[in-house]
1. Restricting to segment 39-53, count the residues that are in a loop (DSSP other than H, G, I, E, B) and on the phi < 0 side of the Ramachandran plot.
2. Mind listing whichever residues of segment 234-260 are exposed (fewer than 15 other Cβ atoms within 10 Å of the Cβ), touching a residue at least 40 places away in the same chain (Cβ under 8 Å) and not in a loop (DSSP other than H, G, I, E, B)?
3. Report yes if some residue within segment 271-285 is within 21 Å of residue 208 (Cβ to Cβ) and surrounded by fewer than 16 Cβ atoms within 10 Å (Cβ to Cβ); otherwise report no.
4. How many residues are surrounded by 14 or more Cβ atoms within 10 Å (Cβ to Cβ) and either at pLDDT 95 or above or assigned to a loop (DSSP other than H, G, I, E, B) (or both) when one looks only at segment 197-227?
5. The conditions are (1) surrounded by fewer than 18 Cβ atoms within 10 Å (Cβ to Cβ); (2) under 17 Å from the mean Cα position of the chain (by Cα); (3) farther than 22 Å from residue 210 by Cα, and residue 70 fails exactly one of them. Which is it?
6. Which of the residues belonging to segment 1-35 are touching a helix residue (DSSP H, G or I) at 6+ places or on another chain (Cβ under 7 Å) and under 24 Å from residue 115 (Cβ atoms)?
7. Of the residues that make up segment 29-38, is at least one assigned to a loop (DSSP other than H, G, I, E, B), crowded, with 18+ Cβ neighbours inside 10 Å and within 17 Å of the chain's Cα centre (by Cα)?
8. Collect the residues in segment 261-275 that are over 22 Å from the mean Cα position of the chain (by Cα) and without any contact (Cβ under 8 Å) to a residue 12 or more places away in the chain, keeping them in residue-number order.
């Protein structure tokens with residue numbers, strides 16, 4: 001399991017009865033988590049007076065109850081080899097609780113940001129040109145910012161105009177407003193097809209596909225039906241000397257072994273390298289437990305694997 005254990009401003013304080021008690025840079029939120037099938041007694045004082053609670057509806061969706069929470073506040077993350085004190089390579093995120101329990105950051109993804117940052121920084125230092133990264137279903141830009149901070153040229157693609165605008169705000173606050181990032185509001189599948197026709201190539205590909213979604217013209221995305229052919233097409237965009245290919249999944253049926261097999265069939269057959277797949281996790285209850293938070297599958301080139 002890859003554990004995102006380097007946060008200083010985020011912490012899972014407790015997890016009990018289908019809920020997480022989380023501290024987000026001074027503010028306590030209670031959010032649902034269906035994997036939390038145990039109870040802890042909920043003795044942590046944060047349960048008694050949270051700043052906000054998300055209630056899930058039996059009909060789908062849900063709503064927030066807010067108790068003394070600002071409309072927006074900041075969360076910071078120092079990338080590997082850097083320090084929050086120095087301010088160098090520190091990512092800054094605008095937090096805004098919104099529909100379906102989200103805040104704008106998936107903290108467990110920091111474990112993946114660390115890996116991509118190290119590999120891309122090394123490549124940026126040793127290659128004549130900045131490594132090119134494609135981030136698909138890119139949300140509010142955590143992976144984009146980590147790649148740009150490493151010195152990569154990033155293409156950030158998401159179908160939501162609001163999410164892309166949010167990611168731009170995060171880039172500005174992280175000191176990356178002038179970084180070589182292409183911000184694109186587009187359907188990811190159609191964008192990939194156009195990039196293939198254009199002959200574009202990327203040294204690294206990152207994707208965080210939803211379980212279900214609709215494109216701007218009503219196109220339906222069901223991850224179990226769409227992910228394999230989509231990954232196969234994305235593999236055609238890899239350069240002659242690629243670094244890595246990363247797939248994130250929060251869909252229960254796509255366990256690490258499934259992601260590994262997808263990458264073996266789609267990428268490893270085209271490029272020499274190795275595949276690794278793991279659960280992602282967050283330390284909970286003072287680090288005594290690890291809370292599972294989805295899965296990631298990586299393909300690494302042979303050269304990149306040696307840098308891990």
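The values are calculated or read from the model by the stated rules, or taken from the named source; none is laboratory data. Because the structure is predicted, anything quoted here is derived from the model rather than measured. FYI the Cβ positions are ideal-geometry reconstructions off the backbone, even for glycines, and counts take in every protein chain you see.
1. 8
2. Scanning segment 234-260 gives no hits.
3. Taking every residue of segment 271-285 in turn, none turns out to be within 21 Å of residue 208 (Cβ to Cβ) and surrounded by fewer than 16 Cβ atoms within 10 Å (Cβ to Cβ).
4. 13
5. (2)
6. 2, 3, 4, 6, 7, 10
7. No, that holds for no residue.
8. 269
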